[in-house]
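For reference, the structure is listed below as structure tokens.
The values are calculated or read from the model by the stated rules, or taken from the named source; none is laboratory data. Just so we're clear, the structure is a prediction, and the values are computed from it rather than from any experiment. Note: ideal-geometry Cβ built from the backbone for every residue, glycine included; neighbour counts use all protein chains shown.
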Amino acid sequence: MKLSPPARSLAVLSAALLATGLCVAQGNPAALKSRHAALQPQLAQNAYGRPLHIESFESGDTLRGEVHAVVDHPFPEVLDMLKSRDNWCDILILPFNVKQCLAPKDSSTISLRVGRKSDQPVEDAHLVAFTYKLAASSASHLQVQLSAEEGPLGTHDYRIVVEAIPIDAKRSFIHLSYSYGYGLAARVAMKAYLATTGSDKVGFSIAERGAKGEPVYVKGVRGVVERNAMRYFLAVDAYLGAPEQTDRRLRDWFKASEQYAVQLHEMDLPEYLSMKTREINRQAKVGS
């Protein structure tokens, strides 16, 4: 099945947009603490090279992806860096498909321009306007919510939630979740993407084992949300490691994503750095 260039662009873009949806939160620190305890086997032994667990769910016209992970940052540090709306554009701009992120002063809005993986004029990227809410901010629990009622290509009810609790004096437990609804246009575009450009792409969950015991990873829409869930978690993690150093943050995000090259590789480092440097400079001029 071959698509015309416009149709191909729409299909690829829909995959990027559908990955920016939002999540289901644990709701309170006790629930997140229980989830941390329940996931101990998965966090202790997995293929990710770090204490991390990723899963995805599809129900009707709703898709959800979730990442739980332990990070080597004290909770007060995590709380201080993630509770401020002003910091979130430094996080959300890191994935390759986010072309611009603006958080106007005296507003609760975070506006993303989401497009193709390659560089493109920002006006050609699609706008998703999120409302930011700091739902919990205490010595034992952080919860940040982003929500958008409407998105491009028939998507709707975007919900992005990031929450965290302390584990001990040096580590925190983070839950990143997102969900969205999609209509007919988005379903058609995604089907076209998965039949062409995205046909060989996989997620992280193991659907089954091959004849020699090798993992066969989940594909389709669940593969899409798992790849993007990981990208956005890695963006949060990269920011926590370098909140004041843009170049290091970019390099850390790229290096981390390349650890999962089977799922996440899209371009080489020089291309990524060049593209992101232009986008961040352009974003700074608009926001100034």
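Quick rundown of the values:
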{"read-out": "Filtered residues of the stretch 244-272 (kept if touching a Lys or Arg at 6+ places or on another chain (Cβ under 8 Å) and in contact (Cβ under 8 Å) with a residue 24 or more places away in the chain)", "value": "250, 257, 263, 264, 266, 267"}
{"read-out": "Unique residue being acidic (Asp, Glu) and buried (at least 20 other Cβ atoms within 10 Å of the Cβ) when the list is 258, 279", "value": "279"}
{"read-out": "Residue check for residue 72: out of contact with any Pro (no Cβ under 8 Å at 6 or more places or on another chain) and closer than 28 Å to residue 42 by Cα", "value": "yes"}
{"read-out": "Subset of the stretch 51-97 [of a type in the set (Gly, Ala, Ser), buried (at least 18 other Cβ atoms within 10 Å of the Cβ) and more than 15 Å from residue 163 (Cα to Cα)]", "value": "56"}
{"read-out": "Those residues of the stretch 103-119 which are surrounded by fewer than 16 Cβ atoms within 10 Å (Cβ to Cβ) and assigned to a strand (DSSP E or B), in sequence order", "value": "109"}
{"read-out": "Failed criterion for residue 34 (all others in (1) polar (S, T, N, Q); (2) more than 20 Å from the chain's Cα centre (by Cα); (3) buried (at least 17 other Cβ atoms within 10 Å of the Cβ) hold)", "value": "(3)"}
{"read-out": "Test set (1) hydrophobic (A, V, I, L, M, F, W, C); (2) at pLDDT below 90; (3) surrounded by 22 or more Cβ atoms within 10 Å (Cβ to Cβ) - residue 122 fails condition number", "value": "(3)"}
{"read-out": "Only listed residue being small (Gly, Ala, Ser), modelled with pLDDT of 95 or more and under 30 Å from residue 280 (Cβ atoms), chosen from 25, 69", "value": "69"}
{"read-out": "Residues located in the stretch 259-275, provided they are assigned to a helix (DSSP H, G or I) and in contact with a helix residue (DSSP H, G or I) (Cβ under 7 Å, 6 or more places away or on another chain)", "value": "263, 264, 269, 272, 273"}
{"read-out": "Breaking point among (1) more than 23 Å from residue 53 (Cβ to Cβ); (2) assigned to a helix (DSSP H, G or I); (3) without any contact (Cβ under 8 Å) to a residue 24 or more places away in the chain; (4) not aliphatic (A, V, I, L, M), for residue 278", "value": "(3)"}
